[in-house]
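Every read-out reported here was derived from the displayed coordinates using simple, explicitly stated rules and does not represent laboratory data. Predicted, not measured: the structure shown is a model, and the values here were computed from it. Neighbour counts are summed over all protein chains in view; Cβ atoms, including those assigned to glycine, are modelled from backbone coordinates with ideal geometry.
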Amino acid sequence: MAANNSSEAPIPPLEEAGGEGVKHEAEAEADGKGKAPAQAQAASTTTMLHRSGSRPQLDLSGAAIHGTLEDRNPTILLPNQSDDISHLALDIGGSLIKLVYFSRHADQSTEDKRKLSTKKRLEIFTGARRSYPVLGGRLHFVKFETGKLNECLDFISSKQLHRGGVDSPSWRSGAQPDNIVIKATGGGAYKYADLFKERLGVSLEKEDEMDCLVAGSNFLLKAIRHEAFTHMDGQKEYVQIDQNDMFPYLLVNVGSGVSIIKVDGHGKFQRVSGTNVGGGTYWGLGRLMTECKSFDELLELSQRGDNSTIDMLVGDIYGGLDYSKIGLSASTIASSFGKTISDNKELSEYRPEDISLSLLRMISYNIGQISYLNALRYGLKRILFGGFFIRGHAYTMDTISFAVHFWSKGEAKAMFLRHEGFLGALGAFMSYEKHGLDDLSAHHLVERFPMGAPYVGGKIHGPPLGDLNEKISWMEKFVQKGIQITAPVPMGAPATTGMGGFERPTSKGDILRSDASAALNVGVLHLVPSLDVFPLLEDPKTYEPNTIDLDHNEFKYWFTVLSDHLPDLVEKAVASEGGTDDAKRRGDAFAHAFSAHLFRLMEEPAAYGKFGLANLLELREECLREFQFFDAYVSIKQRENEASLAVLPDLLMELDSMDEEARLLALIEGVLAANIFDWGSKACVDLYHQGTIIEIYRMSRKKMQRPWRIDDFDMFKKRMLKKDQPYKKALISVDNSGADVVLGMLPLAREFLRHGIEVVLVANSLPALNDITANELPEIVAEAAKHCGILRKAAEAGGLIVDAMAGIQDDAKDEPVSVPLMVVENGCGSPCIDFRQVSSELAAAAKDADLLILEGMGRALHTNLNARFKCDALKLAMVKNQRLAEKLFNGNIYDCICKFEPVS
Ligand SMILES: CC(C)(COP(=O)(O)O)[C@@H](O)C(=O)NCCC(=O)O
Ligand SMILES: [Mn+2]
């Protein structure tokens, strides 16, 4: 934005001072009196959210994915959706244009046999449910400088967002539908309406700014788990807001001016106050007093400032002493800019850095204080700050938080929103009559951080990203930029400054940084209406999937582990795609991209929301997929499956020769021993270079000495063999391919079937390392069933083996009809599992299960070790990492865990 062009001032004054939409009574009055300060414009009436009646747009009701697990981009079917989806909503402010747009895929395909029969069996009759992470729709968040409006128009045009996206019928047919209406809010919706008509042929339908802010904020609080956070002393902490206890809260939108809104419900709010001293004041005064050419430059300067050269401190008045009687220390600001009265200096003699910091503190404290007073006025404890003045700027957030904390004596909480800049645009998107977003809850939304997002979704950026090649070509640029962004912002020497009635917030960990890095915090929101909360979770509200807290130290360790693993992973990934030049290029790009994520998170662990180890491991898988590596371990998995299937008949025979108790022990031992086949563990991969899988398996079995590090086997055996109260249905979550599933889990499942217990094998929806997927499992079961009548009858009963197999040895001919063996997908594409978001298939299968078995380090140790379920749970894993073994169990690598948790 140009500093000397007043028409391009960041945010026009009216924008935050009531908007140009629906006028409230009090505002109209104030307008009538002339230019009243914003705080005098408090509305006295509660406004119900008004939705203007535009055409039906996006209807997610009955949304369904049509596609198989093999499909890379299956289509979400929107049965109630008309073709003319508008994918776009805008918030055109004075300095920034914010876009929220929806994208979907166009491929059509059909469901596979397994899924159809499982659905029938589980009585999932919607015909419209589908599986994650085959995702139907995504919400993207993009911003542009208003000064570069043309870039924004180019972006919309190249993606054809105004015509429903490049996949829409109107785009494909080349027809230009007339009268396209795009929802827009912000002053620019008026100012630039003609330009949009001229350039894109669209009309902007104006939505009231307050309505949009509130709708956007309510949606984010309701639907995004890690949206709101506190920011004190440089530390960000996410706050989980209970959906049923969201209201009331105070929403303070800090743009050029400040609007203070009391929010009482969905569409129920009242603008209770405001102040004309806001972001525009900071930027306006700053521009006059410094040479700064942009808001960001001014903000950046403040980080090197020392405001004690400009502000009059209590100590300046009291000869360096505190005014302790009223609780003011010497470093407290007595008067912003007060020192300049007696200095007798010219403006040019002050450092612009100091000026910027004094200004920033003056304005931030003022906003914090006024907000607190309004919260006090209405008895509100939660104050949410949004708007582009905040810009994820740590000093600003710290200063506001400090003010609220100081004046409220810790009673009220200042909170900020990760999507703070997009409240208006999101609200405008919500105002399409049928957008379907209202019905979505946190478990329906998955936020991903593709490498496109930092640019397209976060940072102001010019031309849109096209295909993968384009992405790779700017990858170098990105990495360079990423390094700049993540480099710690230099801090001024600790100043003795205090501020308007408060102490200077001390900033632990020199991690205060400017908007540049915060811009990377917004990902792409995937809408997955079919995800469900696992019904057997004891308490979904208190459930935390991650076992260990990724504090800075812990993150440093995992950073090294994952970085060290990268070359091997890239090698496998490239080989899985035929080792072509293109695959090599993509492999490099993946490594760059994933490293950039790691550096970013190392710098600011909370950058992507609350991030645990499970998220980190999933991010790696997602990043692979982003660079089109869909199954890096495919050949390793095949090789190990084949080798294991070859020895399975011998193993089954050996097991069958044992008595029931000895067999159960051998089976559990077998599971633990075979869990060693984990290509995600460095120690294990080193082992594989020393022998064949069968040799390693034998060695691993031989080492199975009890007691294991956690050994509840006897308790489990007692319960399992309780004849008067047998289990009815076991959900068995499997882990790795090869020996793990074939020689470990399948024989265990067979034992359950033999006891008349129905078995549901739960496997990943998408590949992750060498984990077996739900798509691969039926073939393995069918192979195993060739040698085992129990498995065959059960698989047939479960619809896993659809066609009768001819010419196989049938040792179960005379057995009665079997209980079923089924396979369901878990909804994940990660080595871990978050039970707050599982496939509807798994949720349906879980309803009458009385035993849950979790296997593997990812699903039973990294996640869910402390999770409590409504049914009995057995957690089985070999610990394949020394540090984890020490940390969790005070043990050693290759220790085994057999943790049994009966419900009562
Ligand atoms: C990625 C994993 C969780 C997979 O383990 P699994 O669930 O297959 O038992 C595990 O291999 C892991 O934590 N690896 C990183 C630690 C290491 O290399 O030591
Ligand atoms: Mn695994």
Under 13 Å from the Cβ of Ile693, count the other residues' Cβ atoms, weight Lys and Arg +1, Asp and Glu -1, and hand me the total. -1
Which order, highest average first, do 530-540, 192-202 follow once you tally other Cβ atoms within 10 Å for each residue and take the mean per peptide? 530-540, 192-202
Work out, step by step, the length gained on full extension between Val533 and Leu321: first 0.36 nm times the residue separation, then minus their alpha carbon distance; give nm to one decimal. 70.5 nm
Going through the cross-link list Lys222/Lys262; Lys702/Lys723; Lys197/Lys293; Lys847/Lys899, which pairs have a Cα-Cα distance over 24 Å in this structure? Lys702/Lys723; Lys197/Lys293
Which of rounded, prolate or oblate describes the stretch 694-768 when judged by the alpha-carbon gyration tensor and an a/c cut-off of 1.5? oblate
Simple label model, 7 Å out from Cα along Cβ direction - His552 to Arg868, nm: 3.4 nm
Cut-off under 5 Å, modelled amide H: who pairs with Leu96 long-range: Thr146
Is the shape of the stretch 566-643 best called rounded, prolate or oblate, per the rule: a/c under 1.5 gives rounded, else a/b larger than b/c gives prolate, else oblate, with a ≥ b ≥ c the square roots of the Cα gyration tensor eigenvalues? oblate
For Asp711, enumerate residues with amide H under 5 Å from its amide H, sequence gap 5+ or separate chain, H modeled in the peptide plane. Cys898
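Per residue and in Å³, how big is the convex hull formed by the alpha-carbon atoms of the stretch 759-904?
136 Å³
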Packing-based order for 593-602, 828-837, 366-375, 564-573, using average beta carbon neighbours within 10 Å, highest first: 828-837, 366-375, 593-602, 564-573
Could you list which residues have their amide H under 5 Å from that of Leu537, counting only those 5 or more apart in sequence or on another chain, with H placed in the peptide plane? Lys870
Among 669-682, 418-431, 890-903, 343-356, how do they line up from the highest to the lowest mean number of other beta-carbon atoms within 10 Å? 418-431, 669-682, 890-903, 343-356
